[in-house]
Amino acid sequence: MTGANLVLIGIFIPVILLMAFTPYLTRRTEAFGVTVPDGVKQQSYIARHIKRYMLLCLGLGIILIAAMFILIKPEGSEQDHSIWYSVIIVSYLVLTFLVYIVSHLQIKAWKQQQPWYEETSSSQKIVVQTRFHKEKTTISLVWYVPHIIVVALAMGYSIIHYDKFPELLPMQYDFNGEVTRAVEKSIGSVLTLSWLSIAMIIVFIISHLSIARSKQVIESQDPHGSLQRNVIFRYSWSVFLAIAGFLVVILMVLGQLSPLLEWSSNTFMVIVFAIVGIILLGSILLSVKLGQGGSRLKNSNTQQGKASVEVADLDQHWKLGIFYVNRNDPAIFVEKRFGVGWSINYGNPIAWLITIGILAIVLIPAIFL
């Protein structure tokens, strides 16, 4: 077994578990991307789909982990290892996606045959809480000032001590901490990770704004309580996003200054995996604790006995329950229906411009630096 296998398995296992238990993290009114009335998700038909999805995700994960041991040999080249890792991970994502699609289509067809379908469809309304976005749903953008300060200090320190950097700068390591690519020293190569840090800060800020401005989701049976839980959900994720962004910046800065710190490559790799592990574990714990939109929270301030309202399900605009396409909806950001987090309204041209902009911000520095 290679050290890379152990590292990948350590990262892969939490991802498999999160994938397998995703149906339990989504809202009570959503099953595999399909809107259902509150309480219906616990019925035997949908419960069987959820159990089947969970078992298949876990089973496929075990098979692909076994494939790592069989197919990836210690004597293989780094390029061969990268290819096999990519094939295994992509295979898992494709297979689990197919399992999801089967359940999505079957539940969508089943829903249209239920006695409550016509009744709920005829009484649906678009419900909006006009005061929602006036509440404090996220932390202040001031939280990102330390990120910028750290990058600025790293850039200044690197320029002042430019002569102390080695003539060949390591740019890529394998999982064993060995340098696999190096470039000649220049101002550009010395500051590469600083520019990438700035790009990442911009991406984190855009993500922060998407949390603040995303479309609100109101649950039919508990309109007031669902909004209260959603505020907690958004605020918590905005805090996590700022902390994760700061850890990423610290990692980039340490990578840039590592030639001056005289650390061994193994020491730096330990730091890399520690920070990645903290971010991954934090995101999983937050997902399990809150659920999508705060659906796993219990809000004691919910107004009991408040009249329910049939909220429009918008199923026709959710392609495969994953892609939201609604040209008549001015919203740019929306909550995912399957999983925890946010997506975009692919029917809004501005959403496409933002997506292209984010890709450009990340890829252009990576390509040219």
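Here is how the numbers come out for the structure above:
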| read-out | value |
| --- | --- |
| Sequence of 163, 313 once ranked by neighbouring C-beta atoms within 10 Å, starting from the fewest | 163, 313 |
| In Hz, Karplus ³J(HN,Hα) per residue of the stretch 315-324 (6.51, -1.76, 1.60; θ = phi - 60°; x = Gly, Pro) | 4, 5, 9, 9, 6, 6, x, 10, 9, 8 |
| Long-range amide H partners of residue 35 with built H, under 5 Å | none |
| Residues residue 281 and residue 80, FRET efficiency given R0 of 30 Å [Cβ-Cβ distance, rounded to 0.05] | 0.50 |
| Amide H contacts of residue 183 (H built 1.01 Å from N, under 5 Å, at least 5 apart or other chain) | 169, 171 |
| Rg/Rh for the stretch 1-122, where both radii come from Cα atoms and Rh is the Kirkwood radius | 1.14 |
| FRET efficiency estimate (nearest 0.05) - Cβ-Cβ, residue 186 to residue 352, R0 35 angstrom | 0.45 |
| Long pairs among 111/136; 51/111; 298/319, criterion Cα-Cα beyond 25 Å | 111/136; 298/319 |
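Throughout, read-outs are computed from the coordinates displayed, never taken from laboratory work. Fair warning: this is a prediction, and the values are worked out from it, not measured in the lab. With ideal geometry, Cβ positions are generated from the backbone for all residues, glycine too; neighbour counts draw on all protein chains shown.
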